[in-house]
Amino acid sequence: MKRWRTKREHQIYSSKLFQALCRSRRTSSSTSAKELHQTADRVLAITAKGTTRWSRAILAAPLTAGTNMKKHKKAKVTVHTRSRKPVVNREKKKLPVVERKLKALRRLVPGCRKLSCNNLLEETSDYIAALEMQVRAMTAITEFLARGEAQAPTDRLGSIGNM
Amino acid sequence: MSSRRWRESSRTNMSEEQITQLLSTLRQLLPEIPHSHSHKASSAAKVLKQTCNYIKTLHREVDDLSDRLSQLLATIDADSAEAAIIRSLLT
């Protein structure tokens with residue numbers, strides 16, 4: 001989890017991501033935001049080197065064109081609810097609050113729907129740290145490109161190198 | 001407190017100590033939000049809810065960034081500057 005905070009990891013991710021984006025631009029004429037997000041997630045998962053469940057789940061998921069990856073798992077959610085019903089307290093109509101929150105969390109972290117609470121919290125910690133790095137790296141790339149656009153092409157290369 | 005809930009649900013066979021430890025790990029990850037009662041009074045449910053919200057916030061941020069990046073890439077010619085950009089990202 002600590003590694004997501006290192007500069008090295010940040011550099012590896014941002015350069016890999018940028019290369020992946022340039023590659024996809026060469027193959028298709030335009031990249032939609034969804035595809036870009038998907039690419040960013042996949043490169044993030046690769047950078048994780050398969051040590052976590054969420055990263056393996058991202059890489060195992062099929063590439064969907066323009067739809068949210070999580071949507072095809074919707075059917076499973078209802079099964080989950082049904083099996084939990086016997087545990088409900090008589091006084092409360094719904095699940096205990098903590099159980100509900102855990103369920104929500106399971107839906108947010110890739111590949112963790114059937115995970116035990118213990119492992120889920122571990123995966124969540126790593127996932128959050130990785131997401132934060134993803135935000136930092138993508139912001140850095142965006143700033144570079146935006147800065148480059150504001151200046152003349154010949155100036156751009158020189159000034160970026162001075163960063 | 002939250003300990004009773006854990007005992008009721010036989011599904012979770014973690015000790016309270018483990019739960020407390022993991023929750024404190026999560027709490028450290030969450031950004032500091034000034035609450036009126038943000039101290040140790042945060043129940044497990046509150047921490048989990050904040051965690052879910054935070055992950056959703058991060059997802060949205062990445063969505064926005066993806067939007068902007070896809071627009072920027074479409075307008076500029078990244079290929080010619082690719083090597084220079086990667087070099088600068090790595091320093």
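For the condition modelled with pLDDT of 75 or more, facing chain A (nearest Cβ under 7 Å) and part of a helix (DSSP H, G or I), what is the one hit in B:Thr57, B:Thr20, B:Thr51?
Details: B:Thr57 fails: facing chain A (nearest Cβ under 7 Å); B:Thr20 fails: facing chain A (nearest Cβ under 7 Å).
Just one listed residue meets the conditions, B:Thr51.
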Item checked: Subset tally (residues that are more than 7 Å from every other protein chain (Cβ to nearest Cβ) and surrounded by 18 or more Cβ atoms within 10 Å (Cβ to Cβ)) for segment A:110-121 -> 5
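Can you tell me which residue within segment A:21-39, out of those that are outside any loop (DSSP other than H, G, I, E, B) and β-branched (Val, Ile, Thr), is modelled with the highest pLDDT?
Only one residue tops the list, namely A:Thr39.
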Check: Just checking, which of B:Thr12, B:Thr75 is surrounded by fewer than 14 Cβ atoms within 10 Å (Cβ to Cβ) and either farther than 23 Å from A:Lys34 by Cβ or modelled with pLDDT of 70 or more (or both)?
Finding: B:Thr75
Checklist line | Qualifying residues in segment A:42-54 (those that are in contact (Cβ under 8 Å) with a residue 24 or more places away in the chain and in a helix (DSSP H, G or I)) - the one surrounded by the fewest Cβ atoms within 10 Å (Cβ to Cβ) | finding: A:Ile46
Note to self: I'd like to verify a number: residues in segment A:1-20 that are in a helix (DSSP H, G or I), touching a residue at least 40 places away in the same chain (Cβ under 8 Å) and of a type outside the set (D, E, K, R), how many?
What the structure shows: 6
Next item on the list: Mind counting the residues in segment A:6-15 that are under 16 Å from the mean Cα position of the chain (by Cα) and either exposed (fewer than 15 other Cβ atoms within 10 Å of the Cβ) or farther than 24 Å from A:Thr124 by Cβ (or both)?
Entry: 0
Next item on the list: Give the residue that is nearest to the other protein chains (Cβ to nearest Cβ), with candidates limited to residues of segment A:16-67 that are among the small types (Gly, Ala, Ser) and under 16 Å from A:Arg3 (Cβ atoms).
Entry: A:Ala45
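The values are calculated or read from the model by the stated rules, or taken from the named source; none is laboratory data. Keep in mind it's a predicted model, so treat the numbers as computed, not measured. Because the Cβ atoms are built from the backbone with ideal geometry, glycine has one as well, and the counts that use them run over all protein chains shown.
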